[in-house]
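Worksheet for the structure shown next.
The values are calculated or read from the model by the stated rules, or taken from the named source; none is laboratory data. Since we're looking at a predicted model, the values are computed, not measured. As a convention, Cβ positions derive from the backbone with ideal geometry for all residues, glycine included, and neighbour counts pool all protein chains shown. These area figures cover heavy atoms from the full protein model, side chains too; ligands, DNA and RNA do not enter into them. Shrake-Rupley method; radii C 1.70, N 1.55, O 1.52, S 1.80 Å.
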Amino acid sequence: MKTFLFRHGESTYNREGRVQGWTEDSVLTEEGHSQSVRIAQFFQNEGLDELWSSDLPRAVQTAEAMLTVLQGTKHSVSHLLRERAQGIFEGRSYTDPEWQAAQVRPERLSEEGETREAVLARMQEFFAALAARNLHSDTRIGVISHGGAIRIFLEELGEGQRGKIPSLQQGDIAELDCTPEHRFSLQHIFSLFS
């Protein structure tokens with residue numbers, strides 16, 4: 001099994017510098033659609049057997065754009081791949097002083113969204129199930145998630161690398177390996193757009 005983890009294409013909130021979280025108001029921009037097609041073209045030669053995405057519109061739209069190139073690829077959605085819920089901050093600017101103050105506090109207040117641990121538990125649940133179904137196959141799987149959720153998951157794979165794993169940008173792809181014990185490890189990150 002080969003697994004490729006990457007972000008959705010550019011969204012309206014990405015472009016506007018706004019906190020997204022679980023909001024369904026943030027959709028792909030024209031550039032985001034173009035990025036999605038370019039990612040699909042990268043996979044076109046060897047193909048993807050499965051394409052998973054978060055159930056949030058920007059991730060589903062990324063998958064739909066990719067499927068125009070990767071015809072015949074099976075697409076499934078999972079709420080486990082959602083971005084970190086940002087509670088009262090969703091829709092606010094990243095320059096909002098309350099948002100910035102919340103980023104340096106060690107613990108989140110309940111109205112400020114999900115904890116890091118809750119996001120990590122969801123992502124681990126998704127990848128454990130994926131490994132259980134596909135471990136001993138030659139399946140090539142693409143997984144579309146979100147910047148914050150991906151960073152939390154990759155930091156955990158890096159064992160003590162919190163703050164040292166770079167945030168994936170649109171067009172960055174993390175290739176993951178999986179052991180017989182269903183433990184994923186980060187092989188490398190490469191960028192299609194730089």
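Filtering 15, 38, 7 for residues that are farther than 24 Å from residue 184 by Cα, among the basic types (Lys, Arg) and in contact with a Leu (Cβ under 7 Å, 6 or more places away or on another chain) leaves a single hit, 38. Contact annotation: residue pairs with Cβ atoms under 8 Å, 6 or more positions apart or on different chains, pairing a residue in segment 129-144 that is buried (at least 18 other Cβ atoms within 10 Å of the Cβ) with a partner that is basic (Lys, Arg), are 140/2; 141/2; 144/7.
Within segment 104-117, restricting attention to residues that are surrounded by 14 or more Cβ atoms within 10 Å (Cβ to Cβ) and part of a helix (DSSP H, G or I), which residue is nearest to the chain's Cα centre (by Cα)? Result: 116.
When residue 179 is tested against (1) farther than 25 Å from residue 57 by Cβ; (2) open to solvent by 80 Å² or more (accessible area, probe 1.4 Å); (3) more than 17 Å from the chain's Cα centre (by Cα), just one condition goes unmet, and that condition is (2).
When residue 167 is tested against the conditions (1) closer than 18 Å to residue 39 by Cα; (2) at pLDDT 95 or above, the lone failure is (2). Of 95, 73, all but one fail to be among the β-branched types (Val, Ile, Thr) and out of contact with any helix residue (DSSP H, G or I) (no Cβ under 8 Å at 6 or more places or on another chain); the exception is 95. If you go through segment 129-147 and keep only what is assigned to a helix (DSSP H, G or I) and within 16 Å of the chain's Cα centre (by Cα), you end up with 130, 147.
Of the strands (runs of 3 or more DSSP E) lying entirely inside segment 1-79, the ones with 3 or more residues being open to solvent by 40 Å² or more (accessible area, probe 1.4 Å) are found at 74-78.
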